[in-house]
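Read-outs: derived from the displayed coordinates by stated rules, not from any lab. Just so it is clear, the structure is predicted and the values come from calculations on it, not from any experiment. Cβ sites come from the backbone with ideal geometry, for glycine too, and all protein chains shown count toward neighbours.
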Amino acid sequence: MTETLFYHLERRALEDVLPGLIEKSLERGWRAVVKTDSSERSDALDNLLWTYDDQSFLAHAQSGDGDAARQPVLITVEDENPNQAQILFCVGGSRPADWKANGLSSLARVVMLFDGRDAAMLDAARAAWKDAKDAGHDVTYWKETPSGKFEKQG
C-alpha cells in the first residue's frame, strides 16, 4: 500500500516548500518525480531547482531532456516514472490519472501539495483524498503551522 501525504500549504508558496521536500527525499536515497499541471509550471520549477539556493542546486531534468533514467529528480506533466523514482510529488492540481495503477504501488510515497488559499485547489485535494483512500492508499493530512512546519493532523 502506497503512503500518500497531503500537504496543505497555508503560509508559504509551493516554491518555498518543494525544494526542501525534494532534498529530504534525496537524503533518503530516493529518486523523485515531480508531476505538474502544465509545461509552464514545469519550466518554472526547472528554473527554481537550479536557483533556489545560492549555495547549491538540485540535479534534475524535465521529461524529454537527456536520459530520464539517470535523473535523481524528473519534472513531467505525464503519468510516468522513467527514473524509477520512489516518491511522486503532485503539484499545481496535478494528480495520478489512476489511483489504482500498478505504477503507483511501486512507489514508497505520493505527496500531494496544494494551496489551501485557493478554493479550486482545496476542492481538487478533497476529491484526490477520497480517490486515494478508495483505492486503498494509506493517506495522511499535514497542515502548515504558524511557524511554517508541517504537523500531521488527526
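Please work out if Ala120 is within 15 Å of Thr4 (Cβ to Cβ) and among the aliphatic types (A, V, I, L, M). It is false that Ala120 is within 15 Å of Thr4 (Cβ to Cβ) and among the aliphatic types (A, V, I, L, M). Across segment 129-143, the number of residues qualifying as assigned to a helix (DSSP H, G or I) and either exposed (fewer than 13 other Cβ atoms within 10 Å of the Cβ) or polar (S, T, N, Q) (or both) comes to 2. Take Val110 and decide whether it is in contact (Cβ under 8 Å) with a residue 60 or more places away in the chain, outside any loop (DSSP other than H, G, I, E, B) and within 17 Å of Ala32 (Cα to Cα). For Val110, the condition - in contact (Cβ under 8 Å) with a residue 60 or more places away in the chain, outside any loop (DSSP other than H, G, I, E, B) and within 17 Å of Ala32 (Cα to Cα) - is met. Of everything in segment 113-134, what is acidic (Asp, Glu) and under 18 Å from Thr36 (Cα atoms)? Give them in sequence order. Those that are acidic (Asp, Glu) and under 18 Å from Thr36 (Cα atoms): Asp115, Asp118, Asp123. Glu23 falls short on exactly one of the conditions (1) surrounded by fewer than 20 Cβ atoms within 10 Å (Cβ to Cβ); (2) closer than 26 Å to Gly136 by Cβ; (3) in contact with a Leu (Cβ under 8 Å, 6 or more places away or on another chain); (4) not aromatic (Phe, Trp, Tyr), and that condition is (2).
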